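Below is one structure, written out as structure tokens, with a few remarks after it.
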Amino acid sequence: MDRHTEEKLFRVLMIASLLIVVGSLFAVIAVVVMNGVSALSISMITQTPKGGYYLGKEGGILNAIVGSLYLAAGSMLLALLVSLPAALALQREYIGKSKAAYYVRLSLDVLWGTPSIVYGAFGFTVMLYLGMRASLLGGIIVLALLQMPIMIRTMDEVIKLVSVELKEASYTLGATRLETTAGVVVRQALPGIVTAALLAFGRGIGDAASILLTTGYTDRIPSSLFDPAASLPLAVFFQLGTPFPEVQQRAYASALILLVIVLALSMLSRAMSKKFMRNIIR
Amino acid sequence: MKTHINVQNLNAFYGEHQALRNISVEIPEKQITAIIGPSGCGKSTFLKCLNRLIDLTEGVRVSGKILVDGTDVLDRGIEITEVRRKMGLLPQRPNPLPMSIYDNVAYGLRIHGTRDRKALNEKVEHYLKIAGLWDEVKDRLRSPAAKLSIGQQQRLCLARGLAVEPEIILCDEPTSALDPLSSQHIEQQLLKLSERYTIVIVTHNIHQAMRLADYVVHFYLGEVVEHGEASEVLENPKDERTRAYINGTFLTQIKIDTEVNLKGNKCPFNFVYAKQALHNLEPGKVMRVIVDDPMAVTEVPRGMEADGHKVLNVKQINSTDWAIVIQK
């Protein structure tokens, strides 16, 4: 094969790979829209289900929307609170290139790959031991645990990229490690940190297995952290599992709503990243 | 002449490699001290020892004493942030912070406790004026520092460094990334600033050292081979290595007696032709040879030195051609 044909062949292969990826996104959207759009109505997003456990074929899934947003936002904030300092601690200014940092990174990578049902089972066991009932709080904590490895490792990688020269600039002005880290490093890495947080949010809003046992399910909107809460992935799961075609259609409509929330979020992050990128030094 | 920085027996090791050997030198107050020497001779390492930025580099051991106003900078017990505040650093490439122009200058002020908005405004304006940047940025103080040109960024770094009111300004080849006009601008600022600050400037550029320096330190392979008044060291160096270094960089001013174009010739023919051409010259005369064979770049100078001639300079002049200057 001559070099020219090689070139062409690889070009075709690369474009084909891209088409598979983008095409599957559109296929997912198409299936969800085709099956769910007829069941979509304004009441879907403004009412809680009528007739227990989504079986009434009426009302909406407001309980699941609110529950999912509570869960995802709550867990993201909680995870962020722990992950940012943890990611900073992994940098060379702190534990850096020590053996400890190596093992911390290794265990985070293992945690990242741990199936979420394992987190759910773990959370459930601890909650049983503590005598806690399935609740929003339990779900938020378990989801935060699930998100932390993702956040810490993603932030770790972006913070590592902040150049030494930039840190030197801060140190030469007489800044301490903390001032340099908080004032310069975090600012420079901000777009990456926001991406890490949103990645974790996406994981949080889409995960079903970990909250199945810890948050439970309900038709009501939770009024406190100690109430059980509904969630969109479980709403899809339960409705799709019924033998009634109308309810199954409503499952697709719920999936569509979940998809819209995720898409809107990533659009928002794109729009916001411009603002975050403004001051970045290249 | 009062000594501001007194360096005694400074040694620095990167692992096994000794980057600085027994450096002892006194840097005078409120003058410009130029540190000259070829690449890799330890100039930058020396500068980084002065404000202990070397701490950020892994696997470095430093010993000796660096006394600034009676405090040993290398003493682990001292408050290093205070030492660093006293020494501004102007880096090789400008490194603005990821924030607005205003915040870049205010950053140091804020960490050292200036919170009052009015005081901040005044100081930011004052130091931007000193650095000669105010007129260019006064209408866009809130825009990102990264948007400035490289030359403007370097002046911003100067303003930022001056804002924390240092006593010493360290410059690590501060104009090497700048265009000639911006370089000139920075040089002028440094000359003005030398009335009030002790300035240490690392430079590759002998001309720059001549224009700026009151005092010159010549580093070679991690050692100080000569130091003294600029006029003495630069015009009448005592050390052979200093003389060679200064002559090498002064080459543009050396009179070329004959020029031979050997482009298109391969080794060893270009060497043979160069030898023939040199044969016709009187001893002491200088010949410039242009070659485009990559092998000739190393082989011709080596052969000439082996024959007892002196190779003054080897320099790439464009993408394919090299000039080799030989003295018979």
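The values are calculated or read from the model by the stated rules, or taken from the named source; none is laboratory data. Nothing here was measured: the structure is a model prediction, and the numbers come from that model. All Cβ positions, even for glycine, are placed from backbone atoms using ideal geometry, and neighbour counts span all protein chains on display.
Residues that are under 17 Å from A:G52 (Cβ atoms) and among the hydrophobic types (A, V, I, L, M, F, W, C): does the range A:250-266 have at least one?
We begin by selecting, within the range A:250-266, every residue under 17 Å from A:G52 (Cβ atoms); these are A:250-251, A:254.
Those still in the list that are among the hydrophobic types (A, V, I, L, M, F, W, C) too: A:251.
Among the residues of the range A:250-266, at least one is under 17 Å from A:G52 (Cβ atoms) and among the hydrophobic types (A, V, I, L, M, F, W, C), which makes the answer yes.
Can you tell me how many residues within the range A:143-171 are in a helix (DSSP H, G or I), within 14 Å of another protein chain (Cβ to nearest Cβ) and among the aliphatic types (A, V, I, L, M)?
5
Name the pairs whose Cβ atoms lie under 8 Å apart, with the first residue in the range B:89-102 and assigned by TED's automatic domain parsing to the domain that holds B:A163 and more than 10 Å from B:R160 (Cα to Cα), the second of a type in the set (D, E) and part of a strand (DSSP E or B), and 6 or more positions between them or separate chains?
Listed pairs, sorted by first residue: B:P91/B:D172; B:Q92/B:D172.
Does the range A:219-237 hold any residues that are surrounded by fewer than 21 Cβ atoms within 10 Å (Cβ to Cβ) and either touching a Phe, Trp or Tyr at 6+ places or on another chain (Cβ under 6 Å) or β-branched (V, I, T) (or both), and which are they?
A:I221, the sole residue that qualifies.
Would you confirm whether or not the range A:101-122 contains a residue that is more than 30 Å from A:G192 (Cα to Cα) and touching a residue at least 24 places away in the same chain (Cβ under 8 Å)?
yes
Say we look at the range A:172-218 and pick out the residues that are within 14 Å of another protein chain (Cβ to nearest Cβ) and basic (K, R); which of these is surrounded by the fewest Cβ atoms within 10 Å (Cβ to Cβ)?
A:R177
For the range B:103-122, which residues satisfy the criterion of being more than 13 Å from chain A (Cβ to nearest Cβ) and either in a loop (DSSP other than H, G, I, E, B) or under 29 Å from the mean Cα position of the chain (by Cα) (or both)? Spell out how you get there, then give the answer.
Narrowing the range B:103-122 to residues more than 13 Å from chain A (Cβ to nearest Cβ): B:115-122.
Residues satisfying the conditions are B:R115, B:D116.
Name the single residue, out of those in the range A:71-111 being assigned to a helix (DSSP H, G or I), among the hydroxyl-bearing types (S, T, Y) and surrounded by fewer than 20 Cβ atoms within 10 Å (Cβ to Cβ), that is nearest to the other protein chains (Cβ to nearest Cβ).
A:Y102
Do we find that B:I169 is within 14 Å of another protein chain (Cβ to nearest Cβ), at pLDDT 90 or above, in a strand (DSSP E or B) and in contact with a helix residue (DSSP H, G or I) (Cβ under 9 Å, 6 or more places away or on another chain) in this structure?
For B:I169, the condition - within 14 Å of another protein chain (Cβ to nearest Cβ), at pLDDT 90 or above, in a strand (DSSP E or B) and in contact with a helix residue (DSSP H, G or I) (Cβ under 9 Å, 6 or more places away or on another chain) - is met.
I need a count of the residues in the range A:226-260 that are of a type in the set (A, V, I, L, M), outside any helix (DSSP H, G or I) and more than 18 Å from A:G67 (Cβ to Cβ).
Keep residues of the range A:226-260 that are of a type in the set (A, V, I, L, M), which gives A:229-230, A:232, A:234-236, A:240, A:247, A:251, A:253, A:255-260.
Still in the running and outside any helix (DSSP H, G or I): A:229-230.
Cutting the leftovers down to more than 18 Å from A:G67 (Cβ to Cβ) gives us none.
Looking only at that region, the number is 0.
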